[in-house]
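Read-outs: derived from the displayed coordinates by stated rules, not from any lab. These numbers come from a predicted model, not from an experiment. Every residue, glycine as well, gets a Cβ built from its backbone with ideal geometry; the counts of neighbours run over all protein chains shown.
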Amino acid sequence: MKTSYKEHIHALSKISKAITSDLYLEDILKLIVTLTASVLHAKICSLWLLDEEKSELKIRATQAMSKEYLKERILKVGEGIVGLVAQEKSFLSIQNVLDEPKYKEKKLAKKEKLVSMLSVPMMVKNRVIGVINLYTTTLHKFTKSEMALVSMVADQAAVAIENTELFVRAQIAQAELEARKKIERAKGILMKEQNLDEDQAFALMRKTSMNKRVSMKNISEAIILSYEIGKPKKIGGKL
């Protein structure tokens, strides 16, 4: 399983390019685990993500094709090797998972012929967001350079995930801001057209939203559109 420095740099370069590309996160993570498994000649490379609210880890990406391995599994923080690595925020190298008391999936390991394992946390500003696992089918002592490579891969994966989460949060915040602006504008229209105060206008919009089972944003857009085209739209029996 020896790999060259050149192979390591090539893999990291590809991963870095993927992170800055317009690929979807799923594709980036799939590329990360596939490249890592290929460079280190591992049978399986899997990436587990942490649900911080539930303190649970689930597999998000792997190049493994085994139906048995691909079955959904959940590990709590502190449970098994993956959970322990997430809890301790430090990597673990195991020569034989079948001899490791804390390894929980021995039946699966026997079936898939998994022997040695390297488990590395994915960190963002001292916060664990997941774990990367690597398995070989023969006894293997992971070298310092191999551990360093997987650690760098974990860092790259964490950056990709964090950037995506920040982007999604920014989009949500922007959408919420736009919705609030529309609600405020629609409320102003109702206050002007129906001679309502602010509380009455908002209550009318909320009641209509509930009765019609549509969002306040949609109600606001309907009011604004009707006002702009000069055809007042009835809302709550008024206007």
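General remarks:
- Gyration tensor over the Cα atoms of segment 59-157: the corresponding equivalent ellipsoid has semi-axes (square roots of 5 times the eigenvalues, largest first) of 20, 16, 13 Å.
- For segment 5-169, diffusion coefficient by Stokes-Einstein and Kirkwood Rh (Cα), 4 °C, 1.567 mPa s, µm²/s: 82 µm²/s
- Each Lys or Arg adds one and each Asp or Glu subtracts one; over the other residues with Cβ under 12 Å from the Cβ of residue 84, this totals +1.
- Projected onto their three principal axes, the Cα atoms of segment 177-228 cover extents of 25, 21, 20 Å, largest first.
- Under the combined filter of DSSP loop state and at most 10 neighbouring Cβ atoms within 10 Å, segment 111-158 retains these trypsin sites (Lys or Arg not before Pro): 125, 141.
- Proximal aspartates and glutamates to residue 106, defined as alpha-carbon separation beneath 19 angstrom and excluding residues fewer than eight positions away on the same chain: 68, 72, 79
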